[in-house]
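The values are calculated or read from the model by the stated rules, or taken from the named source; none is laboratory data. Computed from a predicted structure; not experimentally measured. Reconstructed Cβ throughout: ideal geometry from the backbone, glycine too, with neighbour counts over all protein chains shown. Quick note on the areas: whole protein, heavy atoms, side chains included, nothing else; ligands and nucleic acids left out. Shrake-Rupley method; radii C 1.70, N 1.55, O 1.52, S 1.80 Å.
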Amino acid sequence: MRTSIPGRAVTGGLVGVRLVNLRDFGKGNYRQIDDYAFGSGGMVLAAPQLKEALDSVTKESGAKPYVVYPSPQGALISQEIIETLALQENVAIICGHYEGIDERFTQKYVDMEVSIGDCVLTGGEIPAMLIVDAMSRLVPGAVGKSKAVIEDSFYRGMLDNPNYTRPAMWEGVKVPEVLTGGNAQEISRWRRREAVRRTLTRRPDLVSRASVREYLKGVNVAVIAENENVNLAGLAETCRAYDAGRPYIIAGNHELREAMKEKYPEAKIIGGMKKLTGVIGENVLTVKITASAKINALHSLEAKRICLEHDGNILFVFAQNERMLEGVDGLTGYLFGKCEEIPMSVEIGIALDRLLGKR
Ligand code: ADE
């Protein structure tokens, strides 16, 4: 807590860290804080002493802290958990030792039990340091450029791209040429492609909860409308939120186009799919989304992975029913196991969140 970013956060008064010695609350001549575990014989930190230590923290900070107990039995720690903790005013981390702490204390006073990985350490001190370190860099002002925190790939749930520094040639290995070429746009594209490649090969499990919009090129939304009854209220705002531009409404006949123009002035009304693909350009991955399960349709997560792999624009096409998507070329994904009675614009919102994520 004296060096680097956590050190600056402490000296700058952004983060305060106080160590509490459980031994100060020990009982008897030996200041006992633990005892034999009933039934097994290992040593367990005792509940009354832990409670007294916690009370002292509550008294000093003026409010009950959020209590975290690092243990191998806890939920696996993640950036989301760290972000949740960083929002708390006061956090107390209880370092277990030996066999851990009395379960009754955990049940009554621990708000969150977290594990730092599937391995066993000798105590909770190193996990506590990990938690404090990861939390302190999220406190506004702790990291020089707060943009840097948000620009972290992991902030969006993706792995980072590889990094290089001078010398440009080392032991016969050159830095990727794009990085020394000076084209900012190409560098940025390269970094995103590398982050995607690494995430898909090393940690595909991350993709389901990652926010991937920034890793994709243009994203467009089109709805094939059969009649005026399709309810698209709020769709334009939803598309904007996911950086998917103004939605297209495909309406086959003139009257319907006129009616839709009036009803949804924020949308771009177009006569047919062919006209639309002409507008969107080349190398477009078309993903047809239907609300209900269909034989051979992809799970939305698989569609998300394929979108990430695609190095070009993406077009999501929605329709009121599967039949209307039949003539459209592209992947077919589904949202729900069975057809639900959900308004079309809400369905599209759910689909965009499954396919793009949002943080
Ligand atoms: N204490 C001992 N092992 C641990 C782990 N894997 N995570 C958190 N706390 C621990």
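Ligands, DNA and RNA left out, the accessible area of the chain computed with a 1.4 Å probe is 51% carbon and sulfur. Measuring between alpha carbons in the structure, the pairs from Lys64/Lys108; Lys51/Lys108; Lys217/Lys263; Lys217/Lys338 lying more than 20 angstrom apart are Lys217/Lys263; Lys217/Lys338.
Seen from all directions on average, the range 156-195 presents a Cα convex hull projection of 3.2 nm². Here the peptides 318-324, 181-187, 345-351, 3-9 are ranked by packing, the mean other Cβ count within 10 Å, and the order with the highest first is 345-351, 318-324, 3-9, 181-187.
Give me the net charge of Arg18's neighbourhood, meaning all other residues with Cβ under 13 Å from the Cβ of Arg18; Lys, Arg count +1, Asp, Glu -1.
Numbers: positive: Lys59; negative: Asp24, Glu60.
Neighbour charge sum, excluding Arg18 itself: -1.
Eigen-decomposition of the gyration tensor built on the alpha-carbon atoms of the range 214-356 gives equivalent ellipsoid semi-axes of 21, 17, 15 angstrom, largest listed first.
Protein-only accessible surface at a 1.4 angstrom probe places the residues Glu89, Glu125 in the order Glu89, Glu125, largest first.
Here r is the Cβ-Cβ distance between Glu214 and Glu255 and R0 is 56 Å; the resulting FRET efficiency, rounded to 0.05, is 0.90. Placing a label point 7 Å from the Cα of Thr201 along the Cα-to-Cβ direction, the residues of the range 146-182 whose backbone N falls under 12 Å from that point are 162. For the chain, place one equal point scatterer on every Cα, skip the solvent, and apply the Debye formula. What is log10 of I(q)/I(0) at q = 0.13 Å⁻¹? Here log10 of I(q) over I(0) equals -1.05. Summary of the geometry: the range 253-297 and the range 156-176, compared by the centres of their Cα atoms, lie 42 Å apart.
Report, as a whole number in µm² per second, the diffusion coefficient that Stokes-Einstein gives for the range 36-159 at 25 °C and 0.890 mPa s using the Kirkwood radius over alpha carbon pairs. Taking Rh from Cα pairs, D becomes 156 µm²/s. Within a straight-line Cα-Cα reach of under 19 Å, Lys268 can be paired with the following aspartates and glutamates, leaving aside sequence neighbours fewer than 8 residues apart in one chain: Glu226, Glu228, Glu237, Asp243, Glu255, Glu258. Working note: 222 nm ellipticity from helices only, DSSP H runs with n ≥ 4, each -39,500 (n - 2.57), summed and divided by the residues of the chain, gives -10500 deg cm²/dmol to the nearest 500. Quick check for you: which residues of the range 149-163 have the amide N under 16 Å from the point 7 Å beyond the Cα of Val175 toward its beta carbon? Counting only backbone N, you get 161-163.
Under 8 Å for C-alpha pairs, at least 6 residues apart: give me the relative contact order for the chain, rounded to a whole percent.
Values: 550 pairs, mean separation 46.1, N = 359.
Result for the chain is 13 percent.
Taking θ as phi - 60° and the Karplus parameters 6.51, -1.76 and 1.60, the scalar couplings of the range 202-216 work out to 8, 9, x, 5, 6, 4, 4, 10, 8, 9, 9, 3, 5, 8, 10 Hz in sequence order, x denoting glycine and proline. Partner aspartates and glutamates whose Cα lies under 16 Å from the Cα of Lys275, excluding those fewer than 8 positions away in the same chain, are identified as Asp329.
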